[in-house]
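The values are calculated or read from the model by the stated rules, or taken from the named source; none is laboratory data. Just so it is clear, the structure is predicted and the values come from calculations on it, not from any experiment. Note: ideal-geometry Cβ built from the backbone for every residue, glycine included; neighbour counts use all protein chains shown. When the accessible area is computed, the model is the full protein with side chains, heavy atoms only, and any ligands, DNA or RNA have been set aside. Shrake-Rupley method; radii C 1.70, N 1.55, O 1.52, S 1.80 Å.
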Amino acid sequence: MRPGLKLLLSTTMIWAASPAFAQHAPTALSGSNVAHPEKWPAARSQGLIDPATEAFITELMATMTLEEKVGQMIQADIGAIKPEELRQYPLGSILAGGSSPPLGAPDRSPQAAWVATSEAFRKVAMEPRGKHAPIPLIFGIDAVHGNSNVVGATIFPHNVGLGAMHDPALMRRIGKATAEETAATGPEWAFGPTLTVPQDDRWGRAYEGYSEDPAVVRAYAGEMVRGLQGEPDTKNRIQQGLVAASAKHFLGDGGTLGGVDQGDAQIGEDELIAIHAQGYVPAIDAGTLTVMASFSSWNGAKMHGNKSLLTDVLKGRMGFEGFVVGDWNGHGQVPGCTTTDCPQTFNAGLDMAMAPDGWKGLFESTVAHVKAGTIPMSRIDDAVRRILRVKARLGLFDPARPYEGKAGVMGNAEHRAIAREAVAKSLVLLKNQGVLPIKASAKVLVTGSGADSMAQQTGGWTLSWQGDGNDNGMFPNGQTIFSGIAEAVKAGGGTATLSADGSFAAKPDVAIVVFGEQPYAEMRGDIATLEFQPGDKQALATLRKLKAAGVPTVSVFLSGRPLWVNPEINASDAFVAAWLPGSEGAGVADVLIGDKAGKPRRDFTGTLSFSWPKTAAQFTLNKGKPGYDPLFALGYGLRYAKPGTVAALSEEPGFDASSLNTSVYFAKGVTPKPFSFATESRITRAPIDGPQTQEGAQQLRWTEGPARLSIGGGAPINLSRETNGDLSLQILYRLDSAATGPVRLTMGDSGGFDATSLFTGETGTWRTAKILLKCYQQNGADMNAVGAPFVVQAAAPLAFSLADVRIVSDPANSTCPGSK
């Protein structure tokens with residue numbers, strides 16, 4: 001669940017409405033958004049209902065007030081509720097959103113802080129009140145690739161890599177390890193498995209899916225549920241280190257038009273069933289205790305308000321007896337609703353609303369709606385029964401928590417070994433011209449942005465929502481890819497040298513270049529083209545430099561999806577898709593590094609669970625349909641024992657998305673398309689060397705004032721989603737001559753505020769400023785139509801050098817200059 005998103009105003013990105021997008025977009029389909037249950041596969045929840053539990057629930061509900069019942073249906077985020085507030089508002093659940101910290105601690109905290117938070121909320125919730133025994137909370141968290149919110153946890157590969165393993169049995173072991181590390185920190189509920197079937201790789205959540213092929217998702221769903229929860233008839237799960245699963249996101253989140261996050265799946269019912277529903281049958285049959293509703297729509301109807309799917313299909317035809325939970329304020333997107341008032345969602349079949357910051361208002365309005373008859377009491381009783389059933393089957397009414405705070409669980413050797421095995425099995429060999437495996441006795445150069453970066457190899461949903469801002473020290477139990485390679489080579493008598501830029505003093509036998517996408521999660525991960533590093537091919541430059549020096553080169557590509565990398569493949573002697581492998585970088589070395597003689601220690605076994613694009617425009621995936629012609633098809637993957645050749649590939653991307661850029665305004669000395677500088681005559685501009693790149697900055701000097709400089713151009717851009725998501729404008733600059741008068745920052749002609757403090761003080765050193773987009777909005781900027789995202793107005797002489805201006809997602813150290 002995302003932190004800080006108070007309201008999602010739009011599900012359409014600016015590029016989704018552009019002519020360039022329309023040229024390559026799938027044809028929008030119109031159709032019904034009312035499901036026909038008889039067409040859907042049948043299933044039945046296993047292990048949830050037994051006479052003793054139902055009798056216990058009936059007796060308990062008979063003594064509960066309306067307010068207590070409604071409270072069970074509301075979930076608040078720990079960043080927006082205090083434990084003592086549970087005395088007045090008897091809520092049924094809390095969650096920790098993607099960047100919500102434990103009480104009194106930073107968001108990147110170890111086990112003890114999370115245990116203390118869980119205990120603080122549980123202590124108040126279990127105080128005697130009313131005419132019945134206390135009702136326990138259920139605490140949920142996004143343990144989507146391990147308990148990835150917690151410092152010291154084992155971080156497993158993201159699902160995009162796990163799908164390439166094609167190993168359901170290993171998925172169960174991963175689920176069990178994740179459950180143990182979740183229970184050990186306090187939460188009893190993991191928001192997974194994600195059963196999406198992504199059909200457009202531009203979607204920023206594509207890496208949360210196991211595959212574009214529903215058969216892979218179907219094979220994994222039940223095994224992951226069993227790993228998290230145990231077998232369906234298991235009792236007292238939390239006492240055994242097991243937690244509740246949440247199959248998500250029901251339904252069609254991977255099929256939205258254009259791959260737009262929270263968008264509209266404009267597809268027919270048969271396709272919705274055949275592609276997007278297949279994972280839910282085995283998950284329900286395996287006894288998943290909860291199902292999470294999707295943000296997305298189906299043919300215009302929001303899933304949080306679609307009764308035909310939530311009630312008639314899921315709870316009826318598919319026999320689901322657990323409870324349906326919403327996503328982060330997802331109910332507020334239902335027409336006629338707000339985040340604090342939405343009877344429609346409960347009447348549609350949602351049992352528990354995730355109301356992170358609007359929980360109090362939603363509680364009060366829902367009580368009022370029941371009293372007014374807007375929500376039938378029968379609907380309330382059904383939802384509460386389902387919630388209490390799950391709590392009972394989890395063992396939450398038993399106060400014993402033997403796993404909570406248990407030492408030796410987080411990041412232990414057994415769990416790390418499972419993760420390392422998963423890394424090795426997930427690697428897919430796309431090309432090998434005899435350079436792999438590498439002799440352990442070789443002189444190996446290791447370079448690239450991802451070579452020694454835990455943040456890049458773990459990706460989004462790791463210690464924070466977007467996964468950025470994480471340094472290697474935050475992973476005390478992890479190992480970078482370079483460290484794993486160095487360890488393997490040293491054991492064989494060779495050497496491994498880390499080089500930041502690919503330079504070397506003595507020519508190596510081979511170079512391993514580790515590169516790929518920077519961390520991202522939903523929203524910021526949505527892209528306009530599948531081309532890797534369009535207009536800024538840093539990795540390709542390194543590969544070509546090594547090739548020109550006659551160094552055999554192995555590319556290890558870190559990404560949350562297949563991307564168009566034809567030039568990089570051409571420049572490599574071997575190319576490995578490593579996805580987002582998580583904390584165990586040694587799993588990469590296990591396959592790439594052979595013995596002293598160059599014999600494999602372990603062969604590649606991974607094969608593509610997502611087809612690989614032939615052009616950057618091949619994102620409108622008619623996967624499995626006639627005429628679809630990817631570069632590498634589903635199931636492709638070379639092995640040492642089964643080699644193959646890859647001919648030279650076309651380096652024409654087939655799609656120029658540079659004009660669709662909405663977030664990078666200045667980088668490496670230039671303004672990328674569609675942006676450009678506009679300066680008045682009183683301002684001079686000259687190229688200078690940047691902090692890392694020759695002529696990678698521009699010096700800007702106000703000879704006198706007032707004068708205005710801006711970066712803009714093209715059509716106005718919509719930054720409302722970024723604003724609501726607490727994103728920031730980041731400026732990398734060097735103050736050369738301090739301001740001699742007031743300085744203002746604006747967006748376009750509005751939204752200005754006093755930023756003089758950013759342009760005073762020490763001169764001659766590079767500094768970074770991060771300004772929340774909300775600062776501009778709060779000062780009058782129209783974030784729905786931003787003509788110039790970077791404007792500086794100085795009233796008197798000033799000089800500074802600019803190296804980079806872009807939007808970033810990590811809120812750490814973001815400010816509002818001039819605010820009191």
Problem set entry | Relative intensity, log₁₀ I(q)/I(0), of region 693-820 from a Debye sum that treats every alpha carbon as a point, q = 0.10, 0.19, 0.20, 0.22 Å⁻¹ | -0.29, -1.10, -1.21, -1.43
Problem set entry | In region 104-158, the trypsin sites (Lys or Arg not before Pro) that fall in loop regions by DSSP, at most 14 other Cβ within 10 Å | 131
Exercise. What do you get for Rg/Rh of region 451-564 when both radii come from the Cα atoms and Rh is the Kirkwood radius?
Worked result: 0.99
For this session: Please find the FRET efficiency linking residue 819 to residue 670, where r is the Cβ-Cβ separation and R0 is fixed at 41 Å, and quote it to the nearest 0.05.
Result: 0.80
For this session: Could you please state how large a percent of the accessible area of the chain is carbon and sulfur, counting protein chains only and using a 1.4 Å probe?
Result: 52 percent
Exercise. Ignoring the sites themselves, what is the longest stretch of the chain with no GluC sites (Glu not before Pro) in a DSSP loop and at most 16 other beta-carbon atoms within 10 Å?
Worked result: 1-650
For this session: Could you size up the charge dipole of the chain around its Cα centre, putting +1 on the beta carbon of Lys and Arg and -1 on that of Asp and Glu, and report it in debye to the nearest 20?
Result: 860 debye
Exercise. Residue farthest toward the positive end of the dipole of the chain, with Cβ of Lys/Arg at +1 and Asp/Glu at -1: which of 174, 679, 400?
Worked result: 174
Problem set entry | J(HN,Hα) series, region 677-683, from Karplus relation 6.51 cos²θ - 1.76 cosθ + 1.60, nearest Hz, glycine and proline x | 6, 9, 10, 8, 4, 7, 10
For this session: List the aspartates and glutamates whose Cα lies under 14 Å from the Cα of residue 82, skipping any in the same chain that are fewer than 8 positions away.
Result: 119, 357
For this session: Compute the distance in nm between two label points, each set 7 Å from the Cα along the Cα-to-Cβ direction, one at residue 678 and one at residue 498.
Result: 4.5 nm
Exercise. Based only on Cα atoms, what Rg/Rh ratio does region 640-691 have, Rh being taken as Kirkwood's radius?
Worked result: 1.28
Seminar exercise, completed: Whole-number value, in Å³ per residue, for the convex hull of the alpha carbons of region 502-602 is 123 Å³
Exercise. How far apart, in nm, are two points set 7 Å out from the Cα along the Cα-to-Cβ line at residue 749 and at residue 651?
Worked result: 4.5 nm
Problem set entry | For the chain, calculated [θ]222 nm from helices alone, where every DSSP H run of n ≥ 4 adds -39500 (n - 2.57) | -6500 deg cm²/dmol
Problem set entry | Cross-link reach list, lysines versus residue 176, counting only Cα pairs under 22 Å and skipping chain neighbours closer than eight places | 235, 248, 391, 406, 425
Exercise. Magnitude of the Cβ-charge dipole of region 701-820, K/R +1 and D/E -1, about the Cα centre, nearest 20 debye?
Worked result: 60 debye
For this session: For residue 599, go through the aspartates and glutamates and keep the ones whose alpha-carbon is under 15 Å away, minus same-chain ones fewer than eight residues off.
Result: 590
Exercise. Regarding region 354-455, what whole-number volume in Å³ per residue does the convex hull of its Cα atoms give?
Worked result: 271 Å³
For this session: Take the Cα of residue 762, step 7 Å along the line toward its Cβ, and report every residue of region 772-802 whose backbone nitrogen sits under 17 Å from that point.
Result: 801
Seminar exercise, completed: Of the candidates 90, 76, 139, the farthest towards the positive dipole end of region 66-146 (Lys/Arg Cβ +1, Asp/Glu Cβ -1, centred on the Cα centre) is 90
Seminar exercise, completed: proj_area_mean for region 421-489 (convex hull on C-alpha atoms), units nm², value 5.9 nm²
Problem set entry | Kirkwood hydrodynamic radius of region 231-318, Cα pairs, Å | 13.9 Å
Exercise. How do 614, 596, 443, 391 rank by accessible surface area computed with a 1.4 Å probe, from largest to smallest?
Worked result: 596, 443, 614, 391
Exercise. Just the Cα atoms of region 356-395, one point each, no solvent: what log10 I(q)/I(0) does Debye give at q = 0.18, 0.22, 0.31 Å⁻¹?
Worked result: -0.63, -0.79, -0.92
Exercise. Between region 412-432 and region 766-820, what is the C-alpha centre distance in whole Å?
Worked result: 42 Å
Problem set entry | Residues of the chain: accessible area per residue with a 1.4 Å probe, Å² | 33 Å²
For this session: Would you mind computing, in nm to one decimal, how far apart the modelled labels at residue 236 and residue 784 are, each placed 7 Å from Cα along Cα→Cβ?
Result: 5.7 nm
Problem set entry | Option label - volume of the Cα convex hull per residue in Å³ computed here, alternatives (1) 405; (2) 154; (3) 164 | (2)
Exercise. Once the Cα gyration tensor of region 531-673 is diagonalised, what are the square roots of 5 times its eigenvalues, in whole Å and ordered largest first, as equivalent ellipsoid semi-axes?
Worked result: 28, 21, 15
Problem set entry | Tensor-based shape of region 284-326 (alpha-carbon gyration tensor, a/c under 1.5 rounded, otherwise prolate or oblate) | prolate
For this session: Could you calculate the FRET efficiency of residue 124 with residue 471 from 1/(1 + (r/R0)^6), where r is the beta carbon distance between them and R0 is 30 Å, rounded to 0.05?
Result: 0.25
Exercise. What's the center-to-center distance, using Cα atoms, between region 459-488 and region 233-298 in Å?
Worked result: 29 Å
For this session: State the extension gain, in nm to one decimal, for the chain segment bounded by residue 46 and residue 374, taking 0.36 nm per residue of separation less the distance between their alpha-carbons.
Result: 114.8 nm
